[in-house]
Every structure is written in C-alpha cells, then in structure tokens.
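**Student:** Here it is, the structure in full.
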Amino acid sequence: MSVPTASAPAKIILCGEHAVVYGQPAIAVPVSSLRVTAEVSPNAPGQHGLNLVATETMEQIRIILGENTAYPEHPLSLAAALALRHWQIDSPDFTITVKSSIPIASGLGSGAAVSTAVIRALSLAINKPIETVALNGLVYEIEKLHHGTPSGIDNTVIVYEQAVYFVRGKPIERLSIDAPLHILIGDTGQTALTRVAVGDVRQLYDADPETIQPVLDAIGALVQESRQAIETGDSTTLGALMNQNHAFLQQLTVSSPELDTLVAAARDAGAFGAKLSGGGRGGNMIALVTPETIEPVKAALLAAGAARVFATTLQAG
Ligand code: PMV
C-alpha cells in the first residue's frame, strides 16, 4: 500500500527582499528539487492522538496534541493545531513524519515549506481538502512565529509553487519567463534569523527614514526592471540588476563578509550577476549563470568557502 505523502518546495527570492516588507514589489521562485515531505502513517501500537515527528536536520520531537503541552509554540504543533481548527475537528489518530532536504534558517523558506507539507499531509490523512488560499493564510500565521512581521512572500511562493511578482497585501501576479533561467544557490553554511535582520532594518528605517526610503524605492524600481528582463529573456540586464540589488542590501546592513565573498567569486567566475537571497546576514546567495558557466561558477563558489551549492533552472513558461 502506498504511503500518503504531501510535500512543499524551497524558494529563493530573485530580487526585492526586505523592501517587500515596506510595500515594494519582490520576485520569488520555487526550488522544486529541494523539498519537505510529510508522510502519513498509522500510529504505533499504544500511541494515540496526532504524532508529528521531525527527522534529519530538524529536532526529534513528538507532539500529541491535547496531551503534550511541551511545545505549544512549536511551528509544527502550531501548523497542525491551526489546520485542525480550520476544519473544526479534534486530533485524529495518525503519525506524520516530516523529512526535509532544505537547509534551515538559510533564507530558503524551510519554515513555510514544513508548515505547508504538514497541513497538506493532515488534509490527506483526514480526507478533507483545503483550498490553496486557505492554506496560504494558515502558513502565513505560522510565518509570524518565525519572522514577526513577514511580508507573506515566502508562504505565497511555496504554497502556489510558481514564480511570483509579489506586493504585500495584493493578489499575486504570475511571472512569465521568456527563456530558462539557470541559477546557482551558494550556502555560506551560516544560519541567520530573518526576524533579527528584518528588525535591524526596521531600526535603521526608524532612525533615518530620509536615507532609507530612497534605498527601498530604488529596490522597488529595480524589481520592476527585473520583471521586464525576465519576461524578455534578457539575462545580461537581469544580472546587472541583481548586482545593484546586492549593493542596496549591503546599504541595509543585511549582507555579511561571507555573502560578499561568495557574490564576488561568482561574478569573477563569469556569472551575469549575483546577490544575497532572503533575510541575509548568512544563509544563501544566488548567481545567474548559463549552462556553460554553471561548472566554473560552482567551482569558484566552493573554492571561496561555500558549504554547498545547489543548481536550479526556471523553465520558460
Ligand atoms: O525567509 P527569508 O530569509 O527568505 O526572508 C524573507 C524575505 C524578507 O523580505 C527578508 C522578509 C519578508 O517577510 O518578506
């Protein structure tokens, strides 16, 4: 008998992170090769309630809703609790086992992907469908635990699993991609909390809005240009805009020496452009490459200290 399994992808932000919290547009795309899976199985003999088991890189925890109050704020527990409240049902008797190939706390959306996969698995287990809009709303609630004041871009790109042009509070716009985009993701190996970086940008903004607002506006403008470049297949322009975006993120203090080193290495090795992706201060950077420059840029990133490098291609469509 096949095991009911749900899943959700990682994501990267192509441009516009941080400014998106202030109402500017941003572009994010799913990384379908890095995923969280959540498997539904019967409880072991003698166990009852809903058991959520996180394996591999995540904590080994077992939560029995209604009985185990040790993790009331744990995102896994919250994901299940919010979903059960949505369906207005009590804890069913199942075990959901969560596995992930997405590095955690690295700007790749692992938190939103875990929540999405868990709620989808629960939906399979109890045989109650959930609308994508409702799922997106639930995952956003859990994102608040991770981020404090999330823009909603992570949950949206992960739940819909499609490239999005995102403006906070507005209906999502699908992005049309004219030519395949080849992207390398370089991991600094350093984890960083998005909540802290977002909070620091807020402090910067509050202390000196006259200086910071123009930076946010400039990021918003380059996101619009990036959209055009993606829609016309102009990788040279997109790469240059990614470089500009990285410089603005440095001004917002969310880069790090390690991110800057990887970004410089990718550019020197022939990438069209490179930038940090996500909350910053650690985590991942991205580089726009061609099939010909994938290998030299990947080698340069590893030589410059990347803990690992992932390749992803956004197909035209
Ligand atoms: O989860 P991260 O690290 O990819 O960051 C999400 C993007 C931010 O703009 C930094 C925060 C947000 O809520 O949009």
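None of the figures in this text is laboratory data; all of them are computed from the coordinates on show. In this text, all values refer to a predicted model and were calculated from it rather than measured experimentally. FYI the Cβ positions are ideal-geometry reconstructions off the backbone, even for glycines, and counts take in every protein chain you see.
**Student:** Amide H of T232: which non-local residues (sequence gap of 5 or more, or other chain) have their own amide H closer than 5 Å, using H built in the peptide plane?
**Tutor:** Answer set, sorted by chain and number: D178.
**Student:** While we're looking at this one, here's another question. 5 Å is the cut-off here: which amide hydrogens, built 1.01 Å from N in the peptide plane, fall below it relative to R281, excluding neighbours closer than 5 in sequence?
**Tutor:** Long-range HN contacts for R281: S255, S256.
**Student:** What ratio of Cα Rg to 2.2 N^0.38 Å holds for segment 6-166?
**Tutor:** Cα-based Rg divided by the globular estimate yields 1.01.
**Student:** Something else: I want the antiparallel fraction of DSSP beta bridges within the chain, as a percent rounded to 5.
**Tutor:** The antiparallel proportion sits near 90 percent.
**Student:** Need one number: nm distance between label points at D217 and L145, each 7 Å from Cα along Cα→Cβ, rounded to one decimal.
**Tutor:** Here the answer is 4.0 nm between the modelled labels.
**Student:** Could you let me know the centre-to-centre spacing of segment 2-20 and segment 79-99, using Cα atoms, in angstrom?
**Tutor:** Centre-to-centre distance over Cα atoms comes out at 21 Å.
**Student:** On a 23 Å Cα-Cα criterion, which of the cross-link pairs K144/K275; K11/K128; K275/K298; K128/K170 come out too long?
**Tutor:** Result: K144/K275; K11/K128; K128/K170 exceed 23 Å.
**Student:** Arranged by the count of other C-beta atoms within 10 angstrom, fewest first, what order do R202, R308, R85 take?
**Tutor:** R85, R308, R202
**Student:** Tell me the angle of helix 110-126 to the major Cα principal axis of the chain, expressed in degrees between 0 and 90 and rounded to the nearest ten.
**Tutor:** With rounding to tens, the tilt is 30 degrees.
**Student:** So if I take the centroid of the Cα atoms in segment 138-199 and the same for segment 239-317, what is the distance between those two points in Å?
**Tutor:** Distance between centres, Cα-based: 17 Å.
**Student:** With θ taken as phi - 60° and the coefficients 6.51, -1.76 and 1.60, list the Karplus ³J(HN,Hα) couplings across segment 91-105 in order, rounded to whole Hz; mark glycine and proline as x.
**Tutor:** Couplings: 3, x, 8, 8, 10, 10, 9, 9, 10, 9, 10, 9, x, 8, 6 Hz.
**Student:** Scan around I12 for amide H atoms under 5 Å from its own, H built in the peptide plane at 1.01 Å from N, and keep only partners 5 or more places away or cross-chain.
**Tutor:** It is V29, V31, by chain and number.
**Student:** So for the chain, considering every pair of alpha-carbon atoms, how many percent are separated by more than 34 Å?
**Tutor:** Within the chain, distances greater than 34 Å cover 23 percent of Cα pairs.
**Student:** Looking only at S277, S226, S176, which one moves most when the chain is put into a Gaussian network model with springs between Cα atoms under 10 Å?
**Tutor:** Residue with maximal mean-square fluctuation among S277, S226, S176: S176.
**Student:** Now for a separate question. Viscosity 0.890 mPa s, temperature 25 °C: what is the translational diffusion coefficient of segment 176-314 from Stokes-Einstein with a Kirkwood Rh over Cα pairs, rounded to a whole number of µm²/s?
**Tutor:** 161 µm²/s
**Student:** As I understand it, the dipole of the chain uses +1 on the Cβ of Lys and Arg and -1 on the Cβ of Asp and Glu, about the Cα centre. Which of V297, L135, G233 lies farthest toward its positive end?
**Tutor:** Of the options given, the answer is L135.
**Student:** Relative to the longest principal axis of the C-alpha atoms of the chain, give the angle of the C-alpha long axis of helix 194-207, reported between 0 and 90° and rounded to the nearest 10°.
**Tutor:** Long axis of 194-207 versus the principal axis of the chain: about 50 degrees.
**Student:** If you put +1 on each Lys and Arg Cβ and -1 on each Asp and Glu Cβ, how big is the dipole of the chain around its Cα centre, in Debye rounded to 20?
**Tutor:** Charge dipole, the chain, about its Cα centre: 420 debye, nearest 20.
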